[in-house]
Amino acid sequence: MDRRTFLQLSGMTAAVAALAGCKSANEKLIPYLIPPDEGITPGIANYYASTCRSCPAGCGILVRVSEGRAKKIEGNPLHPVSRGKLCARGQAALQELYHPDRVPQPLKRSGARGSGQFAKITWEEALTLLVGQLKDLQQSRATDHLAFMTPQLTGTMADLTTRFMRSYGSPNHVSYELLGPDWLRTANRKSFGQASLPYYDMSETRYLLSFGADFVESHLSPVQYGYAFGRMRQGRDTVRGHFTYIGGRMSLTAASADRWMPAKPGSEGVLALGMARLILSESLHDQVSLAANGLRREILLDRLKAYDLARVAEETGLAESAIAEVAREFATTRPSLAMAGEAVAFQSNGQESVRAIQLLNVLVGNLNRVGGVYPDNGSPEGTTTSLNDLFSLIRKMSAGSIQLAMIQGDPMHTVPQATKFQEALSKVPFIVSFSTLMDDTALHADLVLPDHAGLESWGDVMPLAGTRENVIGLMQPVVNPVFDTRQSAEVLMAAAHELGGMMKAAFPYETYLDMLKAGMKKRVTPAGAKDFETAWTELLQKGGLFTSGRAEAKGFRWQAGAGLPAPAKPDFAGDEKEFPLHLSVYPSTAFYDGRGAPFPWLQQLPDPMTNVVWDSWIEINPKTASELGVNFGDLVEVTSPQGSLHVPAVIYPGIRPDMVAMPLGQGHKDMGRYAKERGVNPLGLLAVDTKGKEIQPAWNATLVRVKKISEKGDLVTMGNPKGSFRSELIEI
Ligand code: SF4
């Protein structure tokens, strides 16, 4: 669709909004089964701009609606993050809206916890129950016995939860994301003194070095980076950027690289420091950048003297010549870019390894320049919740000092069991879930207050690190609610109004939409210069507020006294003799951390590297598989110090022989008919590194052993992947 057509179509949205008397753009939209009124012409589509919330990247979307039904989602061409593109997970958001197993109205537990027995209740009864629980805690002066768990929120919803918990008098708000980029914020704070996420100017770079950052599938803002990567490789007439990927498993991102360097898990930081030493010793560094960052070559060389090529080659398992070649190419091709990703960060030494990779950018002058790395302006100091906060909540729940837990998201599925979160939550007397589907957490809840689907909701989303612009993506309902659900924000505000006093005073709005608009009003009409309702309609037409505020950004600069990164020898849970293989868990292209599993389009989407559909699997190198007597599709038992799982094997040449890998996403107890009891949840195998002051998200630091169980793994694949691997490129 070209821009002009888009604007014409968006104009139709505005017309509908205007007809609705500036109340709600969807009030004139009527579900198909109800006879259409004069506002709907069968066969004519309207397009509504909104924001995808299927992952934290916050891409802009356009939803095609005809006869009151949402029919198709595409990227919003005006949105600075997605620029008209969208990933499969974003496309599948339609299936959240029309999922046949959505929780259709509030439910109250009627059987034993976890039994799945619930009774349908009305919203009035549900609110009375919730408010009753909140009042009980107030009356017994135990308001700090309330906990609220949410994903990492931005915008008005973040404001609402903060106000709610503060006015109520509870400090127990934990925002948890299994794959959240807290590790990157923490490393940036330590190196650069600011917790901004990085924005990599990939489209303009000429040499990209990714240390385990799978930006095509899941890292930070995959649609934006997929687009930028395309431009880096093919979008410029005379330049085709080079790409080297470092990491033990060939991901989809790694498969797009010119060179793959399968370094040993946990050795990436040492590799970066070895490259840094070589760059400095051969004077390939950028002297101006060193001086601007308060660093001196001689001092750096002295501190890095332990990282000679022989040691680095030994620790990484890579050839000395390859390491030296890549270091020289990286330093002599400008602009270049080094990225650190989850595969590196989720090791026991992750934070220092990430800092070592950042140092490479400093040495060759990649900070704050075209084709290099800038601080992300969009969400400069976003939410971070260290695992320490999660563990503190777990301790409180175990000790019986949490009486009421309200939960958005599915932590029963996404918190590794080694944390003992699941046991601790079961000790909480009253659990409220806001889930749209009966997920693992809702299954254990006492009260389920089903939220609207994303396409039925109002909201604002600050995208995660996908742009240097200041972007607030707006969400608007594109259809009337399909079921008797309510947006969780409305439920919380209604509860606050019911509680009265300070709680009511904290929310001087009638609806969540009023609160959202009040926030936007401050941003778009600072001096009341423009009629806000006109501005609001324009924002809804466009999909949000997109302003370039680049000049305000404080660039990255190595902080004085930050100290040089010093990654420790990696720690792995499990004795190497008993558990000889490194387990890597990675976000599935289709399901991310598991939130995409209920949608059949995504279950049916073949994994791009293995062709598996509708299942879980473990990837094993052919050499290892033959030693273990395992063939493609066999059922194997994977055992870690934490537990064991049965899963079919995929023989995969794109992985180191001392590693195995499993995708995240399956293994739900319920979550609707398409996800229920399908596959396994590899998080059950993980140990948790609780050594040291700061608990590290060392999700990739567990060792396992693999044993064949039977030849019947019942693996379902699209076609037969044997023979389709380019083994001549892989050679490990
Ligand atoms: S990258 Fe995330 S936000 Fe963007 S379309 Fe995909 S799921 Fe939605």
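Relative to the dominant Cα principal axis of the chain, helix 155-168 is inclined by about 70°. Between Glu533 and Glu711, what is the spin-label point distance in nm, taking each point 7 Å from the Cα along the Cα→C-beta axis? About 7.5 nm, to one decimal. For the chain, dividing the convex hull volume of the Cα atoms by the residue count gives 169 Å³ per residue. In this Cβ point-charge picture (+1 for Lys and Arg, -1 for Asp and Glu), the range 218-327 has a dipole of about 320 debye about its Cα centre.
Using the Cβ of Asp136 as centre and a radius below 14 Å, the other residues enclosed give a net charge of -1, where K and R count +1 and D and E count -1.
Stretching the chain fully between Asp101 and Arg395 yields a gain of 102.4 nm (0.36 nm per residue, less the alpha carbon separation). Give the shape of the range 423-577 as rounded, prolate or oblate, defined through the alpha-carbon gyration tensor: a ≥ b ≥ c are the square roots of its eigenvalues, a/c under 1.5 means rounded, and otherwise the shape is prolate if a/b is larger than b/c and oblate if not. Verdict is oblate for the range 423-577.
Length gained on full extension, Glu576 to Glu423: 52.2 nm, using 0.36 nm per residue less the C-alpha separation.
Rounded to the nearest 20 debye, the dipole size of the range 321-452 about its Cα centre is 440 debye, using +1 on the Cβ of Lys and Arg and -1 on the Cβ of Asp and Glu.
Loop only per DSSP, at most 13 neighbouring Cβ atoms within 10 Å: give me the trypsin sites (Lys or Arg not before Pro) in the range 194-288, ordered by residue number. Sparse-neighbourhood loop trypsin sites (Lys or Arg not before Pro): Arg236, Arg240.
If only the Cβ of Lys and Arg carry +1 and only the Cβ of Asp and Glu carry -1, the dipole of the chain around its Cα centre is close to 1020 debye. Note on Asn480/Glu298: beta-carbon distance plugged into 1/(1 + (r/R0)^6) with R0 of 45 Å gives a FRET efficiency of 0.05. Calculated mean residue ellipticity, 222 nm, the chain: -9000 deg cm²/dmol, from DSSP H runs (n ≥ 4) at -39500 (n - 2.57) each, averaged per residue and rounded to 500. Between the C-alpha center of the range 97-145 and that of the range 437-452 there is a gap of 9 Å. Place a label point 7 angstrom from the Cα of Asp258 along the Cα-to-Cβ direction, then list the residues of the range 208-225 whose backbone nitrogen is under 20 Å away. Of the residues in the range 208-225, 208-216 have backbone N under 20 Å from the label point off Asp258.
Taking a ≥ b ≥ c as the square roots of the eigenvalues of the Cα gyration tensor, the range 298-359 is rounded, since a/c falls below 1.5. Against the main long axis of the alpha-carbon atoms of the chain, helix 222-234 sits at an angle near 50°.
Surface composition of the range 72-122: carbon and sulfur atoms hold 50% of the protein heavy-atom accessible area at a 1.4 Å probe. Computed on the Cα atoms alone, the convex hull of the range 291-443 gives a volume of 201 cubic angstrom per residue. A probe of 1.4 angstrom, applied to the heavy atoms of all protein chains, finds Lys542 with accessible area near 80 square angstrom.
Inter-part distance, the range 508-522 to the range 240-308, computed on C-alpha centroids, equals 48 Å. With K and R counted +1 and D and E -1, the other residues having a Cβ less than 12 Å from that of Tyr245 yield a net charge of -1. An oblate overall shape is assigned to the range 391-486, the ratio a/c of its alpha-carbon gyration tensor axes (a ≥ b ≥ c) being 1.5 or greater and a/b not exceeding b/c. Say the dipole of the chain comes from +1 at the beta carbon of Lys and Arg and -1 at that of Asp and Glu; which of Leu197, Ser710, Leu581 then lies farthest toward its positive end? The listed residue farthest towards the positive side: Leu197. Net length available on complete extension from Glu637 to Lys522 is 35.7 nm, with 0.36 nm assigned per residue and the Cα-Cα distance removed.
Ordering Thr467, Val432, His452 by Cα displacement along the dipole of the range 426-520 toward the positive end leaves Thr467 in first place; charges were set at the Cβ atoms of Lys, Arg (+1) and Asp, Glu (-1). Projecting the Cα atoms of Ala276, Tyr227, Met261 onto the charge dipole of the range 221-367, computed from C-beta unit charges around the Cα centre, puts Tyr227 farthest toward the positive end.
Which whole number in µm²/s is D for the range 125-219 by Stokes-Einstein, with the Kirkwood Rh taken over Cα pairs at 37 °C and 0.692 mPa s? Using the Kirkwood radius from Cα pairs, D works out to 194 µm²/s. On C-alpha positions alone, give me the angle between the axis of helix 532-542 and the longest principal axis of the chain, in degrees, nearest 10. Once rounded, one gets 50 degrees. With all protein chains in place and a 1.4 Å probe, the accessible surface of the range 456-536 carries 53 percent carbon and sulfur. For the chain, the solvent-accessible area with a 1.4 angstrom probe is 38 square angstrom per residue. Simple spin-label estimate for Asp159 and Ala310 gives 6.2 nm between the two label positions (7 Å along the Cα-to-Cβ direction from each Cα). With K and R counted +1 and D and E -1, the other residues having a Cβ less than 13 Å from that of Thr150 yield a net charge of -4.
The values are calculated or read from the model by the stated rules, or taken from the named source; none is laboratory data. Keep in mind that what you see is a predicted model, and the values were worked out from it rather than measured. Methodologically, a virtual Cβ is constructed for each residue, glycine included, from the backbone with ideal geometry; neighbour enumeration extends over all protein chains shown. These accessible areas exclude ligands, DNA and RNA; they are computed on the full protein's heavy atoms, side chains included. Shrake-Rupley method; radii C 1.70, N 1.55, O 1.52, S 1.80 Å.
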